[in-house]
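Written out below as structure tokens is the structure these notes cover.
The values are calculated or read from the model by the stated rules, or taken from the named source; none is laboratory data. What you see is a predicted model; the values in this text were computed from it and never measured. Cβ sites come from the backbone with ideal geometry, for glycine too, and all protein chains shown count toward neighbours.
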Amino acid sequence: MADYKQKLSGLIETTIAQGASDLHLRAGVQPILRVSGVMTTLLSEPALTQEDMLGLLDELLLPERKKDFLQSREVDFSYAYADIARFRGNGYFERGRIGVALRLIPRIIRSIAELHLPPIIEQFATREQGFFLVVGPVGQGKTTTLAAIIEKVNTERTEHIVTIEDPIEYLFENKRSLVDQREVRIDTADFGIALTSVFRQDVDVVMIGEMRTQETIATAVTAAETGHLVLSTLHTNNAVQTIDRIIDVFPSTQQDQIRIQLASSLAGIFSQRLVPRIAGGLIPAYELLINNTAVSNLIREKRTHEIQTMIETGNDEGMIDMNRCLADLVRAGEISVENAYSRSISPKTLERLL
């Protein structure tokens, strides 16, 4: 009988040793790592069988979670490897075959500077209230950026911080703040219930792993309005799309109300992409919208399409335009022109900057 504990340990050790961000396991193929954004097959490993995957699931999931997964065909989970590493995992089925994607969550929470993020992001960790969003496609470092902001609050302020996640990713140790981390399905039934409960928990800062429902968004905006700092993520491409997505989640009869609430509670929106560096590894390119009187008026007056111009011309107020950021990285020799174009939403605008 195969020793799946040893097999999983070997794969995890290889993932860490090669500096990979992700480990992909699926019946019918060899294990695959994602290193610096590139999928790399572990040629030294045999293809996994369905039996292998069931054995590996015994190591990754508690028996009841495994049973639920085999019935529902989907599962989100976290996995701790000794005291060395943590992983965010997703189990799924593909043409009847079991697959698992594991994202490595570094044990050490890196600072805003260490992540090559703009120093102005630190100002959002000093706010008493407001709604701050980190947005971008899957796998672009949103959770890592949020963790850096939370850790800055934890280190420099005496607050009660509550995180609501599915699953818990970065682990925080209490420093100057008290940090409570709640995992959906283990510590609370769902995001909505947990977020409603924070109003009775004497909380100052709330981090929501992901806003998935209208109820969660509505409660988060209300929390930001009522004296809390609320941090969260969305899978959107830029600030303008994020604002439109939030408003469009609501029925037309409620959109004017949420527009008014968002106009007053929004602190900022940070959009990021991880771009391969010429020297190796990844570096973030980013856009930052800071809500001011002009931006607030545009949201309230249904003129969100004009916000992009505000970002492009708002450098003096600390706003950052994605194309300008990409152009700066090219000029600094950090990224290639080709990779800059591939990450730009408006390549023609980028062309003028280059």
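Table: residues versus (1) farther than 28 Å from Ser21 by Cβ; (2) among the polar types (S, T, N, Q); (3) in a loop (DSSP other than H, G, I, E, B).
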{"residue": "Ile164", "(1), (2), (3)": "no, no, no"}
{"residue": "Ile168", "(1), (2), (3)": "no, no, yes"}
{"residue": "Leu171", "(1), (2), (3)": "no, no, yes"}
{"residue": "Gly192", "(1), (2), (3)": "yes, no, no"}
{"residue": "Ser197", "(1), (2), (3)": "yes, yes, no"}
{"residue": "Met207", "(1), (2), (3)": "no, no, no"}
{"residue": "Arg212", "(1), (2), (3)": "no, no, yes"}
Exercise. For segment 88-131, enumerate the residues that are assigned to a helix (DSSP H, G or I) and not small (Gly, Ala, Ser).
Key: Pro119, Ile120, Ile121, Glu122, Gln123, Phe124
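Of the residues Arg176, Arg157, only one is basic (Lys, Arg) and either in contact (Cβ under 8 Å) with a residue 24 or more places away in the chain or under 16 Å from Ala267 (Cβ atoms) (or both); which? Let's see the steps before the verdict.
Numbers: Arg176 fails: either in contact (Cβ under 8 Å) with a residue 24 or more places away in the chain or under 16 Å from Ala267 (Cβ atoms) (or both).
Exactly one of Arg176, Arg157 is basic (Lys, Arg) and either in contact (Cβ under 8 Å) with a residue 24 or more places away in the chain or under 16 Å from Ala267 (Cβ atoms) (or both), namely Arg157.
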Exercise. Looking only at segment 257-271, decide whether some residue is in contact (Cβ under 8 Å) with a residue 60 or more places away in the chain, aromatic (Phe, Trp, Tyr) and touching a helix residue (DSSP H, G or I) at 6+ places or on another chain (Cβ under 8 Å).
Key: yes
Quiz item: Val134 versus (1) not assigned by TED's automatic domain parsing to the domain that holds Val230; (2) not in a loop (DSSP other than H, G, I, E, B); (3) not charged (D, E, K, R): which is the lone unmet condition?
Solution: (1)
Exercise. Of the numbered conditions (1) in a helix (DSSP H, G or I); (2) assigned by TED's automatic domain parsing to the domain that holds Thr14; (3) at pLDDT below 95, Phe69 fails exactly one; give the number of that condition.
Key: (3)
Quiz item: Going by the structure shown, is Ala267 assigned to a helix (DSSP H, G or I), closer than 22 Å to Leu229 by Cα and among the hydrophobic types (A, V, I, L, M, F, W, C)?
Solution: no
